[in-house]
Amino acid sequence: MMRSMVSKLVDSEAGEHALGIFAEMEIEILEATFDLADAAGVDRPETAPPKEGRKQALQAVVSAVVSGDFAEFWAEEMGAELFDSAPSPEHVAAGADSDVWQSQIETWAAGVRKQHDGIDATDRELASVVCSDLYGADLTEYERRVVAVEQSDLMEKLVAGNMKTAKQLIEDATAEIQEDGTDT
């Protein structure tokens, strides 16, 4: 019931308006910190995301979280950009020591052993070959970027990433300005 109410709010005109205001302010703050970084001679990202696109992205994230489909959303929308193909949603934040992930490693290794009888390698080595073929990343990288992450960290990066970038740019510009002030 609560999930349904929140979902209706997010998809409502008022919810869209609120996300639009947030997205607009977020991008304006980010653009202002870009100006500050330029003035201070600090490296920064080339461009800020478009305001309308950011509003839609925030709405999609919130909807995915509320509906309980965040892993699917992340795999399809974000993971597909990081890898050759979208990661399996069941891998997203599964945990490197989880039964789900350990079973996947064993399944991949068994598949390679079935095709190459007598191969001398560990399950992880064989699974890494399969992972590279599927996703364009070795097992360790895939685990680090998909399996071993916390879902809350992925959500935070999507929701607060631009604000964290702005904060870092302000800190970097402040340090640069303070350093220049002590050199005179």
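The values are calculated or read from the model by the stated rules, or taken from the named source; none is laboratory data. Note that the structure is a prediction, hence the values are computed from the model and not measured. Backbone-built Cβ (ideal geometry, glycine too); neighbour counts: all protein chains shown.
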Query raised in the report: Across region 61-87, what is the total count of residues that are surrounded by 15 or more Cβ atoms within 10 Å (Cβ to Cβ) and among the hydroxyl-bearing types (Ser, Thr, Tyr)?
Result: 2
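Regarding Glu28, is this residue touching a residue at least 12 places away in the same chain (Cβ under 8 Å) and among the acidic types (Asp, Glu)? Break it down stepwise before answering.
Values: touching a residue at least 12 places away in the same chain (Cβ under 8 Å): no; among the acidic types (Asp, Glu): yes.
Against the criterion (touching a residue at least 12 places away in the same chain (Cβ under 8 Å) and among the acidic types (Asp, Glu)), Glu28 does not qualify.
Select, from Glu52, Glu77, the only residue that is farther than 18 Å from Glu156 by Cα, in a helix (DSSP H, G or I), modelled with pLDDT under 95 and not polar (S, T, N, Q). Before the answer, list the steps.
Numbers: Glu77 fails: farther than 18 Å from Glu156 by Cα.
Just a single option satisfies the conditions, and that option is Glu52.
Among the residues of region 123-140, is any closer than 24 Å to Val61 by Cβ, in contact with an Asp or Glu (Cβ under 7 Å, 6 or more places away or on another chain) and either assigned by TED's automatic domain parsing to the domain that holds Ala57 or at pLDDT 95 or above (or both)? Full working, then the answer.
Of all residues in region 123-140, those closer than 24 Å to Val61 by Cβ come to 135, 137.
Among the residues that remain, those that are also in contact with an Asp or Glu (Cβ under 7 Å, 6 or more places away or on another chain) are: 135.
Keeping just the survivors that are either assigned by TED's automatic domain parsing to the domain that holds Ala57 or at pLDDT 95 or above (or both) gives 135.
Scanning region 123-140 turns up at least one residue that is closer than 24 Å to Val61 by Cβ, in contact with an Asp or Glu (Cβ under 7 Å, 6 or more places away or on another chain) and either assigned by TED's automatic domain parsing to the domain that holds Ala57 or at pLDDT 95 or above (or both).
Among the residues of region 55-74, write down those that are assigned to a helix (DSSP H, G or I) and small (Gly, Ala, Ser).
Taking region 55-74 first, the residues assigned to a helix (DSSP H, G or I) are 55-67, 70-74.
Hits for region 55-74 are Ala57, Ala60, Ser63, Ala64, Ser67, Ala71.
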Query raised in the report: All but one of (1) in contact (Cβ under 8 Å) with a residue 60 or more places away in the chain; (2) over 26 Å from Val149 (Cβ atoms); (3) surrounded by 13 or more Cβ atoms within 10 Å (Cβ to Cβ) hold for Glu16; which doesn't?
Result: (1)
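Only one residue in Gln102, Gln115 is out of contact with any helix residue (DSSP H, G or I) (no Cβ under 8 Å at 6 or more places or on another chain) and surrounded by 13 or more Cβ atoms within 10 Å (Cβ to Cβ), so which one is that?
Gln102
When you go through Glu16, Glu31, Glu24 one by one, which is the residue that is more than 19 Å from the chain's Cα centre (by Cα), modelled with pLDDT under 90 and among the acidic types (Asp, Glu)? Lay out the reasoning, then the answer.
On the way: Glu31 fails: modelled with pLDDT under 90; Glu24 fails: modelled with pLDDT under 90.
The match here is Glu16.
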Report summary line: The lone condition Asp11 fails out of (1) farther than 30 Å from Thr174 by Cβ; (2) in contact with a helix residue (DSSP H, G or I) (Cβ under 8 Å, 6 or more places away or on another chain); (3) at pLDDT 90 or above; (4) not small (Gly, Ala, Ser) is (3)
Query raised in the report: Name the residues in region 105-159 that are over 18 Å from Pro89 (Cβ atoms) and acidic (Asp, Glu), would you?
Result: Glu106, Asp117, Asp120, Asp123, Glu125, Asp133, Asp138, Glu141, Glu156
